[in-house]
Amino acid sequence: MSTLLLLPGDGIGPEVCAEVRRVAAALTPDLEVSEAPYGGSSYDAHGAPLLDEVRDQAIASDAVLMGAVGGPQWANAPRHLRPEAGLLGLRKAMNVYANLRPAYCFEALAGASSLKTELVSGLDIMFVRELVGGVYFGEPRGIETLADGQKKGFDTAVYTTSEIERVGRVAFELARGRTNKVHSAEKSNVMESGLLWKQVITDLHAREYSDVQLEHILADNCAMQLVRAPKQFDVIVTDNLFGDILSDAAAMLTGSLGMLPSAAIGDPNKPGLYEPIHGSAPDIAGKGLANPLAAILSFEMALRWSLKQVEAADVLLTAVKKTLDQGAKTRDLGGALSTVQMGDAVIANIHN
Ligand code: IPM
Ligand code: MG
């Protein structure tokens with residue numbers, strides 16, 4: 001029997017994870033679902049955002065699905081105990097180096113985008129964000145006091161050949177199953193790590209993936225093109241920091257951050273980490289207003305990528321599409337359904 005570890009976390013995380021639990025019970029009753037403390041709520045209850053035993057439980061599961069972490073109440077906690085540190089620590093411990101962040105536009109929601117409908121209708125972009133390297137983890141980093149009394153804050157943006165190659169491979173492989181086009185985004189005009197990124201992707205492409213169309217794009221231009229003509233993109237591979245920023249922009253093209261899932265994967269024999277792209281949304285937490293679809297679609301990705309239940313994943317994706325076509329909308333989509341009502345609607349469509 002496969003195991004799924006749920007890490008509900010903070011803010012709206014517990015509410016959206018509760019819907020995943022209900023969907024899993026309806027769709028895949030044999031899946032063993034367990035839950036563990038995580039993020040700021042784990043810090044409050046146990047003194048750390050990611051306990052060693054939770055990390056070990058995650059590594060021993062077949063897939064891990066988290067809700068959300070963070071909130072203003074932990075802004076002044078020491079950095080290594082902040083909820084975000086728990087998330088980064090988990091990504092690193094699971095070595096999930098490739099973060100797949102789809103930005104696709106459900107037809108029923110094309111009008112909800114801030115861009116004109118014709119620019120986003122049919123949009124289907126797959127970001128492949130490097131997730132365990134770059135400036136997020138580079139050393140040295142710190143805040144030091146200089147001789148003249150002022151302070152210096154610094155980080156290190158660093159990538160090695162193998163770190164770039166392995167995430168590049170994921171992007172090229174994915175592209176082959178799609179429209180065979182990869183954009184690689186970096187700042188090779190300014191950064192040494194960006195220059196190496198470009199060289200390694202160029203070499204990998206020439207050596208193993210010359211059948212795939214490859215274009216290099218500067219990350220700032222990529223941001224501009226994403227809001228100008230997003231449908232020119234298929235797969236975009238980029239580093240940890242640019243991927244963080246560009247994927248948020250792309251997600252919003254589709255109408256709501258509350259819709260989009262993500263999958264973080266590494267070694268195919270190890271568990272993946274699945275997360276909705278949205279944050280903990282403390283302003284609406286506990287009110288039953290959150291859209292559970294990003295979490296439910298993250299479960300769909302977990303079924304597909306880690307749990308090897310592709311048929312169940314297809315059923316779930318169809319159920320979500322049908323739910324949206326029926327006009328089901330939570331508040332972020334301009335509707336009035338509660339979190340639980342949206343979950344109910346999806347579950348009803350699983351059975352039909
Ligand atoms: C994301 C988030 C995280 C990140 C934060 C919460 C640490 O913004 O998953 O995109 O920066 O990676
Ligand atoms: Mg982000």
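Confirm whether Arg91 is under 20 Å from Leu174 (Cβ atoms), outside the structural domain of Leu253 (by TED's automatic domain parsing) and either within 23 Å of the chain's Cα centre (by Cα) or within 16 Å of ligand 1 (Cβ to nearest atom) (or both).
On the way: under 20 Å from Leu174 (Cβ atoms): yes; outside the structural domain of Leu253 (by TED's automatic domain parsing): yes; either within 23 Å of the chain's Cα centre (by Cα) or within 16 Å of ligand 1 (Cβ to nearest atom) (or both): yes.
In short, yes.
Among residues belonging to segment 94-127 that are open to solvent by 10 Å² or more (accessible area, probe 1.4 Å) and polar (S, T, N, Q), point out the one that is farthest from Gly243 (Cα to Cα).
To start, the set of residues in segment 94-127 that are open to solvent by 10 Å² or more (accessible area, probe 1.4 Å) comprises 94-95, 97, 101, 104-108, 111-119, 121-122, 124, 126.
Filter once more, keeping what is polar (S, T, N, Q): 95, 113-114, 117, 121.
Details: Asn95: 17, Ser113: 21, Ser114: 21, Thr117: 25, Ser121: 23 Å.
Once the filter is applied, the top-ranked residue is Thr117.
Within segment 14-38, track down each residue that is closer than 28 Å to Asn269 by Cβ and touching a residue at least 60 places away in the same chain (Cβ under 8 Å).
Filtering segment 14-38 down to residues closer than 28 Å to Asn269 by Cβ leaves 17, 20-21, 23-25, 27-38.
Within segment 14-38, Cys17, Val20, Val23, Ala24, Leu27, Thr28, Leu31 meet the criteria.
Inspect segment 261-274 for any residue being modelled with pLDDT under 95, touching a Ser or Thr at 6+ places or on another chain (Cβ under 7 Å) and open to solvent by 60 Å² or more (accessible area, probe 1.4 Å) and give the result as yes or no.
no
Give the residue, chosen from Ala319, Ala313, Ala281, that is within 16 Å of ligand 1 (Cβ to nearest atom) and not in a strand (DSSP E or B).
Values: Ala319 fails: within 16 Å of ligand 1 (Cβ to nearest atom); Ala313 fails: within 16 Å of ligand 1 (Cβ to nearest atom).
Testing whether each residue is within 16 Å of ligand 1 (Cβ to nearest atom) and not in a strand (DSSP E or B) leaves just Ala281.
Mind listing whichever residues of segment 9-54 are outside any helix (DSSP H, G or I), in contact with a helix residue (DSSP H, G or I) (Cβ under 7 Å, 6 or more places away or on another chain) and of a type in the set (Gly, Ala, Ser)?
Going residue by residue through segment 9-54, those that are outside any helix (DSSP H, G or I) are 9-12, 28-38, 47-51.
Subset that is in contact with a helix residue (DSSP H, G or I) (Cβ under 7 Å, 6 or more places away or on another chain): 9-10, 28, 31, 33, 36-38, 48-51.
Hits for segment 9-54 are Gly9, Ala36, Ala48.
Taking Leu100 as the residue in question, decide whether it is closer than 23 Å to Leu50 by Cβ, out of contact with any Asp or Glu (no Cβ under 9 Å at 6 or more places or on another chain), hydrophobic (A, V, I, L, M, F, W, C) and not in a strand (DSSP E or B).
On the way: closer than 23 Å to Leu50 by Cβ: yes; out of contact with any Asp or Glu (no Cβ under 9 Å at 6 or more places or on another chain): yes; hydrophobic (A, V, I, L, M, F, W, C): yes; not in a strand (DSSP E or B): no.
No; evaluated as a whole, the condition is false for this residue.
Would you be able to say whether some residue in segment 325-334 is open to solvent by less than 10 Å² (accessible area, probe 1.4 Å) and away from ligand 2 (no atom under 16 Å from the Cβ)?
Initially, segment 325-334 is screened for residues open to solvent by less than 10 Å² (accessible area, probe 1.4 Å), giving 330.
The next check asks that each one be away from ligand 2 (no atom under 16 Å from the Cβ); those that pass are 330.
Yes, segment 325-334 contains at least one residue that is open to solvent by less than 10 Å² (accessible area, probe 1.4 Å) and away from ligand 2 (no atom under 16 Å from the Cβ).
So in segment 239-254, with the set limited to residues that are within 8 Å of ligand 1 (Cβ to nearest atom) and under 11 Å from Ala103 (Cα atoms), which one is least open to solvent (accessible area, probe 1.4 Å)?
Taking the candidates together, the pick is Ser247.
The values are calculated or read from the model by the stated rules, or taken from the named source; none is laboratory data. These figures come from a predicted structure and were not determined experimentally. No Cβ is skipped: glycine too gets one built from the backbone with ideal geometry, and neighbour counts run over all protein chains shown. Heads up: the accessible areas ignore ligands, DNA and RNA and are worked out on the full protein's heavy atoms, side chains in. Shrake-Rupley method; radii C 1.70, N 1.55, O 1.52, S 1.80 Å.
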